[in-house]
Amino acid sequence: MGVGGTHEAKTTYREAMREALRQALRSDDRVFLMGEDVGRYGGCFGVSLGLLEEFGPERVRDTPLSESAFVGAGIGAALSGMRPIVEIMTVNFSLLALDQILNNAATLLHMSGGQLPVPLVIRMTTGAGRQLAAQHSHSLEGWYAHIPGIRVLAPATLEDARHMLAPALADPDPVLIFEHGSLYNVSGELLPSTAPVDLDHAAIRRPGTDISLITYGGSLPKALAAADELAAEGISAEVIDLRTLRPLDDAAITVSVARTHRAVVVDEAWRTGSLAAEVSARIAEESFYDLDAPVERVCSAEVPMPYARRLEEAALPQVADIVAAAHRAVD
């Protein structure tokens, strides 16, 4: 039982996402879910399991294997007043719909002089760590964070998995939600809440005074574990969960760096041209005189993701890598 008698519910990230979808479908007849295997199969990762039986094939629609076609259909539905949620199986498949996302969804409001908003939500699984090899282990959310006209979300906690979808559907612009595959089985207690989730601000997941660990998505548990290890060594690490990758919450980053004077940016994407590079550049531009050490980056190795487990682990950012980067900044 939570504070003041509020009951906490045991759940998983997957179940929190499913309940968010269920609530959206119940609360607004304009909302529908579409994508590959979202219906009878229950979604490639089981997120939509049972929703077809509850809401029927008009609201939970299996699509052909053509990302460009069904993302385009989602854009058309949004233009017609619906509130579609489009599921793309994994982020690499979204490249087949990149023209629709970049040239249509992100630009139509601007090109129509404000007449054609595209209130579309696109969900997709991202990230590595599950031995899915080089073609299904990408972290490309930083690519999408480059595009004006869309909002990019990366829920990393049970609360954000449960409550980010409703404000995303209320946004008049297209919203991309990146769900890290390693998080689906994460379980914990989830407080019932009816308060809207703030999509504009990062969150301090652990306060600290000596160094800022700045991350998002599937790297958040690793950053928190690294902060635990650093605390045992007498180093107080603040952990910032970016949550929204576009637009970035610059203020949260600069305030944290002003407090700690050191920063490590953790990003599962490749280092070159990464979101970590953008965050590091903004720290250099806006917080240069607050820094007592160069900004450290912990990213994936610049190789196609290996299939073999030990090689995959070696290629990905790990807790030990984050701790070592923090020591380089602090020592």
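Bear in mind these aren't lab numbers, they're just calculated from the coordinates by the rules spelled out. For clarity, every value in this text was computed on a predicted model and none was experimentally measured. Positions of Cβ are generated from backbone atoms using ideal geometry, with glycine treated the same way; all protein chains shown enter the neighbour counts.
For the stretch 160-195 and the stretch 198-250, what is the centre-to-centre distance using only Cα atoms, to the nearest Å?
18
Sketch the reach of a paramagnetic label on Ile204 as a point 7 Å from Cα along Cα-to-Cβ, and name the residues of the stretch 253-269 whose backbone nitrogen lies under 14 Å away.
253-261
Among the GluC sites (Glu not before Pro) within the stretch 259-331, which fall in a DSSP loop and have no more than 16 other Cβ atoms within 10 Å of their own Cβ?
Glu302
Lys and Arg at +1, Asp and Glu at -1: add these up for the other residues within a Cβ distance under 12 Å of Val323 and post the number.
Cβ neighbours under 12 Å give a net charge of -4.
For q = 0.07 Å⁻¹, what log10 I(q)/I(0) does the chain give under the Debye formula with an equal point scatterer on each alpha carbon and no solvent?
Values, matching the q order: -0.28.
Using helices alone, I'd like the mean residue ellipticity at 222 nm for the chain: each DSSP H run of four-plus residues gives -39500 (n - 2.57), total over residue count, nearest 500.
Helix-only estimate at 222 nm: -9500 deg cm²/dmol.
How big is the gap, in Å, between the Cα center of the stretch 25-57 and the Cα center of the stretch 88-109?
The stretch 25-57 and the stretch 88-109 have Cα centres separated by 21 Å.
Scanning the chain for chymotrypsin sites (Phe, Trp or Tyr not before Pro) in DSSP loops with at most 16 other Cβ atoms within 10 Å, what's the longest stretch left with none?
42-306
Equivalent-ellipsoid semi-axes (√(5λ), Cα gyration tensor) for the stretch 9-190, whole Å, largest first?
Its equivalent ellipsoid spans semi-axes of 23, 19, 16 Å.
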